[in-house]
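What follows is a short report on a single structure.
The values are calculated or read from the model by the stated rules, or taken from the named source; none is laboratory data. Note that the structure is a prediction, hence the values are computed from the model and not measured. Cβ placement follows ideal geometry from the backbone for every residue including glycine, while neighbour counts extend to all protein chains displayed.
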Amino acid sequence: MKLRFWGVRGSIPTPLGPARLRSKISAIAERMRPADLSDASSREKFLASLPDYLFNTVGGNTACVEIAADVGHRIIFDAGTGIRELGLDISASKRPANCHIFFSHFHWDHIQGLPYFAPAFDPDNAIHYYSPRPDFREVLEAQMREPYFPISMSAMKARSEFVVLRGQAQRIGIANVHYRPMRHPGGCHSYLVEAEGVKVVYSTDTELDSAEFVKTAENARYFGDLDALIIDAQYTLGEAIEKNNWGHSSFSLASDFAATWGIKRLILFHHEPNYSDRKIDLLLRNAASYLDHLEARGIEVILAREGLELDIRR
């Protein structure tokens with residue numbers, strides 16, 4: 001199963017502004033020595049030695065994650081601004097696409113990229129939309145009409161289908177997609193993808209509840225034996241306590257959860273828009289350190305970044 005991250009920020013798009021770009025360049029310049037610039041090899045070695053927060057970026061697009069279990073179907077979670085980049089990638093392939101878009105909920109940062117999803121305007125493509133919310137088609141159509149947008153969803157000429165999820169797993173090619181409500185203002189759903197023995201959960205905008213830590217049979221079926229958990233880790237623990245009922249979790253709560261269920265890969269997602277790349281990198285290192293403190297062996301902690309691709313195997 002392959003994962004690709006097209007948008008990883010929470011709440012609002014976060015472009016890399018001039019001040020933060022200058023700060024990165026200044027920090028890199030301070031690390032340079034004359035020997036680092038002597039030839040192409042030394043320059044490459046120097047650049048490779050830089051920490052990710054300097055020579056990389058988390059990215060500024062909002063939530064969109066693609067999971068590919070087989071070549072015939074593109075399973076997509078949420079349509080934040082990252083889905084525009086995914087659409088450009090699909091269009092560049094020059095091949096008809098069969099896209100399955102699952103919505104966690106309908107806050108702006110999870111739907112605002114949909115009007116710019118180019119494959120939806122191509123009649124050679126098929127776009128299937130999914131949500132447990134019965135009126136979700138009307139919700140999506142509402143953001144694409146005056147005065148919010150100049151054209152309506154009727155301009156999207158791809159073959160379309162709106163599927164209201166009603167409790168059963170949805171079969172997509174070789175994958176089964178399950179869903180579960182999570183704690184978030186206005187409601188939100190996580191999704192479990194199972195294919196050929198691999199299990200991955202996408203759980204954005206989640207304020208972890210004590211009930212999810214309890215070793216019930218229902219919880220174990222959903223969270224047990226996960227190969228990867230993509231989860232909201234927007235806050236520090238102090239912020240999560242201060243912002244109780246805001247609908248987001250901290251890196252430490254996500255780490256506790258991964259340790260409780262023995263999850264193999266913990267992928268920190270839905271990053272705070274006010275955080276710099278350096279601050280988010282620090283949360284990653286703190287999560288890894290915290291898991292070491294818990295003696296939770298074998299859990300790999302990964303930072304969701306735009307463009308990140310992961311091949312998840314047993």
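Of all residues in segment 149-201 being assigned to a strand (DSSP E or B) and among the acidic types (Asp, Glu), which is farthest from Ser249 (Cα to Cα)?
Of everything passing the filter in segment 149-201, Glu161 is farthest from Ser249 (Cα to Cα).
With the condition kept exactly as written, say whether any residue in segment 244-257 is in contact with a strand residue (DSSP E or B) (Cβ under 7 Å, 6 or more places away or on another chain), over 20 Å from Val200 (Cα atoms) and among the hydrophobic types (A, V, I, L, M, F, W, C).
No, because not a single residue in segment 244-257 is in contact with a strand residue (DSSP E or B) (Cβ under 7 Å, 6 or more places away or on another chain), over 20 Å from Val200 (Cα atoms) and among the hydrophobic types (A, V, I, L, M, F, W, C).
From the list Arg159, Arg171, which residue is of a type in the set (D, E, K, R) and in contact with a Pro (Cβ under 8 Å, 6 or more places away or on another chain)?
Of Arg159, Arg171, the one residue that is of a type in the set (D, E, K, R) and in contact with a Pro (Cβ under 8 Å, 6 or more places away or on another chain) is Arg159.
Only one residue in Pro96, Pro119, Pro132, Pro34 is closer than 30 Å to Met153 by Cα and surrounded by fewer than 15 Cβ atoms within 10 Å (Cβ to Cβ). Which one?
Among Pro96, Pro119, Pro132, Pro34, only Pro96 is closer than 30 Å to Met153 by Cα and surrounded by fewer than 15 Cβ atoms within 10 Å (Cβ to Cβ).
Pick from Val58, Val65, Val71, Val139: which is in contact with a helix residue (DSSP H, G or I) (Cβ under 6 Å, 6 or more places away or on another chain) and among the β-branched types (Val, Ile, Thr)?
Matching residue, one of Val58, Val65, Val71, Val139: Val58.
So, Leu282, is that one at pLDDT below 95, closer than 30 Å to Arg22 by Cα, over 18 Å from the mean Cα position of the chain (by Cα) and not charged (D, E, K, R) or not?
yes
Taking the options Ser190, Ser203, Ser276, name whichever one is among the polar types (S, T, N, Q) and modelled with pLDDT under 95.
So the residue among Ser190, Ser203, Ser276 that is among the polar types (S, T, N, Q) and modelled with pLDDT under 95 is Ser276.
Being more than 25 Å from the chain's Cα centre (by Cα) and within 19 Å of Gly80 (Cα to Cα) is the filter; apply it to segment 137-149 and report the residue that is surrounded by the most Cβ atoms within 10 Å (Cβ to Cβ).
The residue in question is Phe149.
If we keep just the residues of segment 205-234 that are more than 15 Å from Leu268 (Cα to Cα) and acidic (Asp, Glu), which is farthest from the chain's Cα centre (by Cα)?
By that ranking, first place goes to Glu218.
Would you call Leu294 closer than 29 Å to Ser26 by Cα and either more than 16 Å from the chain's Cα centre (by Cα) or at pLDDT 95 or above (or both)?
No.
Considering segment 17-45 alone, what residues qualify as being among the hydrophobic types (A, V, I, L, M, F, W, C) and touching a helix residue (DSSP H, G or I) at 6+ places or on another chain (Cβ under 8 Å)?
Hits for segment 17-45 are Ala27, Ile28, Met32, Ala35, Leu37.
Can you name the residue in segment 150-170 that is farther than 16 Å from Leu114 by Cβ and either among the small types (Gly, Ala, Ser) or not assigned by TED's automatic domain parsing to the domain that holds Pro123 (or both) and, of all such residues, is surrounded by the most Cβ atoms within 10 Å (Cβ to Cβ)?
By that ranking, first place goes to Ala169.
List every residue pair whose Cβ atoms lie under 7 Å apart, where the two residues are 6 or more positions apart in sequence or sit on different chains, the first residue falls within segment 139-152 and is closer than 19 Å to His107 by Cβ, and the second residue, located anywhere, is among the β-branched types (Val, Ile, Thr).
Leu140/Ile111; Gln143/Ile111; Met144/Ile151
Tally up the residues in segment 251-281 that are within 25 Å of Cys64 (Cβ to Cβ) and either in contact with a Gly (Cβ under 8 Å, 6 or more places away or on another chain) or among the hydrophobic types (A, V, I, L, M, F, W, C) (or both), please.
Here the count works out to 16.
Being touching a residue at least 24 places away in the same chain (Cβ under 8 Å) and more than 26 Å from the chain's Cα centre (by Cα) is the filter here, so list the residues in segment 24-49 that pass it.
Answer for segment 24-49, where residues must be touching a residue at least 24 places away in the same chain (Cβ under 8 Å) and more than 26 Å from the chain's Cα centre (by Cα): Ala27, Ile28.
Would you confirm whether or not segment 37-49 contains a residue that is of a type in the set (Asp, Glu), surrounded by fewer than 16 Cβ atoms within 10 Å (Cβ to Cβ) and either modelled with pLDDT of 95 or more or not assigned by TED's automatic domain parsing to the domain that holds Ile172 (or both)?
The answer is yes; a qualifying residue exists.
Restricting the search to segment 106-134, which residues are more than 26 Å from Gln234 (Cα to Cα) and of a type in the set (A, V, I, L, M)?
Listed by number, the residues that qualify are Ala118, Ala120, Ala126, Ile127.
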